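Below is one structure, written out as C-alpha cells, with a few remarks after it.
The values are calculated or read from the model by the stated rules, or taken from the named source; none is laboratory data. Here the structure is a predicted model, which is why all the values come from computation and not from measurement. Quick reminder, even Gly has a Cβ in these numbers, built from the backbone with ideal geometry, and neighbours come from all protein chains shown. With ligands, DNA and RNA removed, areas are computed over all heavy atoms of the protein, side chains included. Shrake-Rupley method; radii C 1.70, N 1.55, O 1.52, S 1.80 Å.
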Amino acid sequence: MHDVSDRFRHILGRYLDFFVRNRHVLLAIPSVVVIVGVGSVLGFASVLPNNVRTRYLDAARGAMKNEKMDLAKVYYGRLIEQGTQIDPADELNWAAILQQNGESAAAQRILDRLAPDKEEGYLPAHRLQALRIASSLSKSRDSKELERLQWHLSQLKDDKTVETNKLWAMFYLAVGQPKAGLARMGKAAEVEGELWYQVAILAKQVGDAEFLNLALKNAETFYLQALEKNPFDFSHRVLLTYTLLTLDRVDDAQKLIDQGLALQNIPELHQGAADILLYRFDKWVKEQPTEFSQSNRLLSEAFRHSPNYSEVYKRLLDMYQKLDSAEQRTEMRNSLEDLVSEGIATPFAHFSLGSIEWLEKDTTSALWHLEKAYQLDSSLLEVGNNLAWTLASSESPDLPRAYELAKSVVDRAPQQIRFRDTLASILMKQERWEEALVEFERVLTRSPADQKQQVHENLATIYEQLGRQSLADLHRKRAEEK
C-alpha cells in the first residue's frame, strides 16, 4: 500500500486551527470554568458599577459558551471601552473574537502579552502560542520558530492533555527525534483511542516492531468497539480498514468496506475500497510482474471507486512506462477511454490519457486531453501544472497561457515545489530573468538532492543573462558536482 505518512501528518495537524471553535478543548478548561473568577490583567480602573460590570461579563461569557461571537463582541467591547479589568480567560475570549473578525495582529498581541517568549505567563495562552507556532511550522521548518515552540511547550510542565502530547510529538518529529515523538503520540492515543492507527504508522517508520504490534492491536480493538456501538461510524470503519491492511489482512479489510458500502454509499468508503485495490495491485505487481491484465483491471476498478485519486494515476503512469508491448499499451489506453465514455473518473481519465500521449510524443493529443481534464475540474492542480508545462514545451509553445496557468496553480499551492519549478521554467523561457531567478532560488532551497543539479544549471544560465558571471560560475560548478 502507498505510504500513508502524509495522512498521519494531516490528522496530527487537525487540531492546529486557532481556537475560535474549539477554545474550551484547547484551553483544557471546561466551559463552565470560563464563567468563574475575575482578576486584574489589563491594569485599567473600572468605571462601570460592579453590578453592570458583572452583568456584562456574564453576558459576554455566556455568549462565548453558546458560540454567539457577535453578541460576545458587543459585551466585551463595552467592557474594554470602559477600561474594565478582565481576567486572562476573558482576554483569550476577546482574542478569539478579534481573530474571527480578521484582526489577527491584535489577537496575536494579546497572546504575546499573556504568554511572552522567554517569560512565564498564563498557561492556556502558552498552549495557544504553541498551537499557532505549530500551525505555521506545517508550512515551513524554521529553527527559530522551533525554539519558540519548545519554550512555550516547556511552560506547560505537567500538562498531559492529548493536545499537548500531540504538540510535543510534532515538535520531536520536526527536530528529528521520531522515537520521542512516538512516545508522546502513544500517550495521546491512550486517551484518544482513534489515534492508535497513526501511532502504528509512526512506529513502523521508526522501526519499533514492539510498539507497532501494540498500536495495531489497540487500534483494532478500539475501532471494532466503535463500530459495534455505531455501524454507521464511517471514520472508524476506514481507520480499521487501514489497520487491517497494515496487518496484511486484506480479505478482512475488503469485507469491512463492503459492509460499510452496503450501509452508506459515501466517498470516504469508496476511498477505502480504492486503497484496498491499490494494496492488491502493489502485491500483484511484485509477485506477478508480467501479468498485465489483472494489474490493469485493479487500477480501473480503483478509478471507479475514487475517480480523482492521484495514487491510482501515479501507478497507472508508472506501469504504462514499463510496458514493452504495444498491445498492452493500447489495452490500457482503451480502459481509460472506457472510463471517459461511462462518465467515470472523467477528469483524471483525460489527465491520464494526456500524460500517456505526452510519453508517446503526441503533443497535440496530449494538450487536448489535458485541456479537457482541466475544463472539467479546475481544482485538480496537478492537471493544471502538467497542462502549463505541456503548453510551454510543445513545438508551438503558448507561453503567456502557460504562465497564467502555472501562476494560478502556484498561488493556490505555494508550498508545492514541483509547481513552483514549472512556473520558474516558464519564466525562464519567457526570458523574464529577474522573476525566474527569484522562483528558482526558492526551488533550490527545497529541492531533493537528486534534483538540485538541474536547478543549479538553470540558475547559472540566469545569472549569466543578468551579467553576474561570478555567481553563474559558482552555480555551474555545483551543477557539475556529483
Inset, instruction - May I ask you to derive the relative contact order of the chain, considering only C-alpha pairs under 8 Å and at least 6 residues apart, and to give it as an integer percent? - result: 7 percent
Inset, instruction - Could you work out how far apart the two model spin labels at L471 and E119 are, taking each label as a point 7 Å from the Cα in the direction of the beta carbon, and quote it in nm? - result: 4.1 nm
Inset, instruction - For a label point 7 Å from the Cα of N265 along Cα→C-beta, name the residues of the range 280-303 whose backbone N is under 19 Å from it. - result: 301-303
Legend entry - With Cα atoms, 0 to 90° folded angle of helix 209-229 axis to the chain main axis: 80 degrees
Legend entry - Farthest positive-ward along the chain dipole, Cα basis, beta-carbon charges - from M64, Y197, F419: M64
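With a 1.4 Å probe and all protein chains kept in place, how do E91, E81 rank by accessible area, largest first?
Values: E91 5, E81 150 Å².
Solvent-accessible surface, decreasing: E81, E91.
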Legend entry - Helix 162-174 vs. the chain, principal-axis angle (Cα, 0 to 90°, nearest 10): 50 degrees
Inset, instruction - Would you please give the FRET efficiency between K65 and Q225, computed as 1/(1 + (r/R0)^6) with r the Cβ-Cβ distance and R0 = 25 Å, to the nearest 0.05? - result: 0.20
Legend entry - Prolate/oblate/rounded call for the range 154-230, Cα gyration tensor, a/c under 1.5 rounded: oblate
Legend entry - Protein-only accessible surface order, largest first, of D450, D252, D159 at 1.4 Å: D450, D252, D159
Legend entry - Helical mean residue ellipticity (222 nm; -39500 (n - 2.57) per DSSP H run of 4+; nearest 500) of the chain: -23500 deg cm²/dmol
Inset, instruction - For helix 326-342, report the angle its Cα long axis makes with the longest principal axis of the Cα atoms of the chain; keep it between 0 and 90° and round to the nearest 10°. - result: 50 degrees
Legend entry - Vicinal HN-Hα couplings computed from phi for the range 245-253 (Karplus, 6.51 cos²θ - 1.76 cosθ + 1.60; Hz; Gly/Pro x): 5, 4, 7, 6, 9, 5, 5, 5, 5
Inset, instruction - For V199, V340, V238, write out the residues from largest to smallest accessible area, computed with a 1.4 angstrom probe and no ligands counted. - result: V340, V238, V199
Inset, instruction - Can you grab the distance from the C-alpha centre of the range 113-170 to the C-alpha centre of the range 77-91, Å, no decimals? - result: 25 Å
Inset, instruction - Output the pairs from K157/K452; K204/K452; K229/K283; K166/K217; K407/K452; K65/K166 with a Cα-Cα distance over 32 Å in this structure; if there are none, say none. - result: K157/K452; K229/K283
Inset, instruction - For the range 357-388 and the range 310-347, compute the distance between their C-alpha centroids and round to whole Å. - result: 14 Å
Inset, instruction - Grab every C-alpha pair in the chain, bin the distances at 10 angstrom width from 0 up to the longest one, and report whole percents. - result: 4, 15, 19, 23, 21, 12, 5, 1, 0
Legend entry - M185 - accessible surface, heavy atoms, 1.4 Å probe, Å² rounded to 10: 0 Å²
Legend entry - Area accessible to solvent at K255, 1.4 Å probe radius, in Å²: 130 Å²
Inset, instruction - At 0.36 nm per residue, minus the direct Cα-Cα distance, what do L376 and K157 gain on full extension? Give it in nm, one decimal, please. - result: 73.6 nm
